[in-house]
Amino acid sequence: MTISFKSLGLSDSRVQQLESMGFEQPTEIQQKAIPELLANRDVVGQSQTGTGKTAAFSLPILEKIDPKASAVQALILTPTRELAQQVSSAIADFGNKHLQVLTVCGGQSIERQIRTLQRGVPLVVGTPGRVIDLLDRKKLDLSQVEWVVLDEADEMLSMGFIDDVKKILKQTPDQRTTACFSATMPREIRDLVDNFLKSPITLSVKQSNAAPSRIEQRVYMLPRNWSKIKALQPILEMEELEAGIIFVRTKRSAAEITNKLQANGHNVDEYHGDLNQNQRERLVQRFRDGQIQLVVATDIAARGLDVQDLSHVINYDLPDNAETYIHRIGRTGRAGKTGVALSLIQPADRHLLRRIERRLGERIDPSKIPSRADVEGKRIEKLKEQVQNTLTGERMASFLSLVNELSSEYDPQAIAAAALQMVYDESSPPWLHQDWDVPPADFSKPIKRKKNRRPNKSKTSNSSSRSSRKDVKKSVISHKSQ
């Protein structure tokens, strides 16, 4: 028997919204968690990122809260600001235009967040450091909270925020529904569950399989101060790319990258939650028909992109969890075919790469970003093929008279070279003429494998500066608005 979102107890309007986003069948963690949370039971879910846990906890909350109420009714804690932004974006997609979701984390104006809280907002997603800061300033009131979610609790533990989580939980009502999702269950998380959850239902899902061997995985280490788009352009020039997805963290990034790639002549479009159903269907059909070569999308939006025969998956932004990485690259190399998975790695992303390598049980050797000579050699080789094909074409005869006329004054070889140069220059993207050659020294340095250090928990002169340092630390530890 096939389990549907409707059979889990969700409303018709919610089910219709999910179907419009391409969600047809719930994942295992969604099947287990949604009915329990709708019944207001506390839940402990042992589940990796990429298994659909965001929908597992957010859909029941959306069914229960009053979107018009001004008091905070639901609080979702995440270890990093990037994950907080991802969760907020997903909830906005799952919800409706009348629901306001506030993301509270570092890297954003706290004054703006305070003004939003003063106007009233029913749902808050945030990092422990910023939530504590707002609580200390008496700007965040959790006295009417009915739902609390701890997302990736073990990551919050490893980053040193477990005491902050406990402090936050103590300021919420006892009569609340609490969900704790964690990939692993160390003793400290078990203790937290025992102290703050009421007779929770424990759920677990099977771990995804490792990445298939038929997928070629490559990582590109970016020199310091290099933007990812600067590295991506020569990489794309060298790839025999048929169809691919470029994964980013946020909708804003998807729009920016799409615009830049389109300006450089790439056949690319963006796919995100702001598109209506008709727009989504048309884009997917164009992608399947080969009218679009590349689609830039977030993980949430890409769920609606069920396209076969992808030759490439590109991790423009690495995911926070190895399971999501495996899920992403598993979109290529299907049905016995081979595929290519490329990842762009900035210095702050290296700990994420180490996490992925540990999960895969292997190291992914870094590849060198193509040089100007590499790209120009590839383009000239393509131009040679085009000339060879044209020499057998029927229209060539119409240009021979022009060559004969010019031959009275110029050498025929010079005429041919000038024509090729014109074609090459006109087809060259603007970035090819800019200074972008790769510093070779960056690729000779091995990746240092150091253990993650816990954030400095020393006292500071005020809570604002303490929160600021935490958020800087977290941004280093986990480098998607959109």
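Name the single residue, out of those in the range 258-289 being in a loop (DSSP other than H, G, I, E, B) and either under 22 Å from the mean Cα position of the chain (by Cα) or of a type in the set (A, V, I, L, M, F, W, C) (or both), that is surrounded by the fewest Cβ atoms within 10 Å (Cβ to Cβ). Don't jump to the end; show me each part of the working.
Initial filter on the range 258-289 (in a loop (DSSP other than H, G, I, E, B)): 264-267, 272-276, 289.
Applying the additional criterion that residues be either under 22 Å from the mean Cα position of the chain (by Cα) or of a type in the set (A, V, I, L, M, F, W, C) (or both) yields 266-267, 272-276.
Details: H266: 19, N267: 14, H272: 24, G273: 19, D274: 14, L275: 18, N276: 8.
Taking the candidates together, the pick is N276.
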I369 vs (1) at pLDDT 85 or above; (2) part of a helix (DSSP H, G or I): all pass except (2)
Given (1) on the phi < 0 side of the Ramachandran plot; (2) small (G, A, S); (3) not in a strand (DSSP E or B), identify the lone condition not met by S199. (1)
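Does A90 satisfy the condition of being surrounded by fewer than 16 Cβ atoms within 10 Å (Cβ to Cβ), of a type in the set (A, V, I, L, M, F, W, C) and not assigned by TED's automatic domain parsing to the domain that holds S253? Before the answer, list the steps.
Numbers: surrounded by fewer than 16 Cβ atoms within 10 Å (Cβ to Cβ): no; of a type in the set (A, V, I, L, M, F, W, C): yes; not assigned by TED's automatic domain parsing to the domain that holds S253: yes.
Judged against the criteria, A90 is not a match.
Condition first: small (G, A, S) and either over 10 Å from A179 (Cβ atoms) or assigned to a helix (DSSP H, G or I) (or both). Now tell me which residues in the range 27-78 satisfy that. Explain how you work it out, then say what you get.
So the first thing to find is which residues in the range 27-78 are small (G, A, S), and the list is 33, 39, 45, 47, 50, 52, 55-56, 58, 69-71, 74.
Within the range 27-78, A33, A39, S47, G50, G52, A55, A56, S58, A69, S70, A71, A74 qualify.
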What tally of residues in the range 249-274 results from selecting those that are touching a Ser or Thr at 6+ places or on another chain (Cβ under 6 Å) and either of a type outside the set (D, E, K, R) or within 20 Å of P370 (Cβ to Cβ) (or both)? 2
Does I292 meet the test of being buried (at least 16 other Cβ atoms within 10 Å of the Cβ) and closer than 25 Å to G377 by Cβ? no
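From the list K64, K68, K53, pick out the single residue that is closer than 18 Å to A33 by Cα, modelled with pLDDT under 95 and over 18 Å from the mean Cα position of the chain (by Cα).
Numbers: K68 fails: closer than 18 Å to A33 by Cα; K53 fails: over 18 Å from the mean Cα position of the chain (by Cα).
Selected residue: K64, the only one of K64, K68, K53 that is closer than 18 Å to A33 by Cα, modelled with pLDDT under 95 and over 18 Å from the mean Cα position of the chain (by Cα).
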Check on Q31, more than 27 Å from V248 (Cβ to Cβ), modelled with pLDDT of 90 or more, in the same structural domain as Q113 (by TED's automatic domain parsing) and polar (S, T, N, Q): yes
Note: among R363, R359, R350, just one is assigned to a helix (DSSP H, G or I), at pLDDT 85 or above and within 29 Å of the chain's Cα centre (by Cα), namely R350
Within the range 93-107, restricting to residues that are over 19 Å from the mean Cα position of the chain (by Cα) and assigned to a loop (DSSP other than H, G, I, E, B), the one that is surrounded by the most Cβ atoms within 10 Å (Cβ to Cβ) is G95
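The values are calculated or read from the model by the stated rules, or taken from the named source; none is laboratory data. Model, not experiment: these values are computed from the prediction. Glycine gets a Cβ as well: all are built from the backbone with ideal geometry, and neighbour counts include every protein chain shown.
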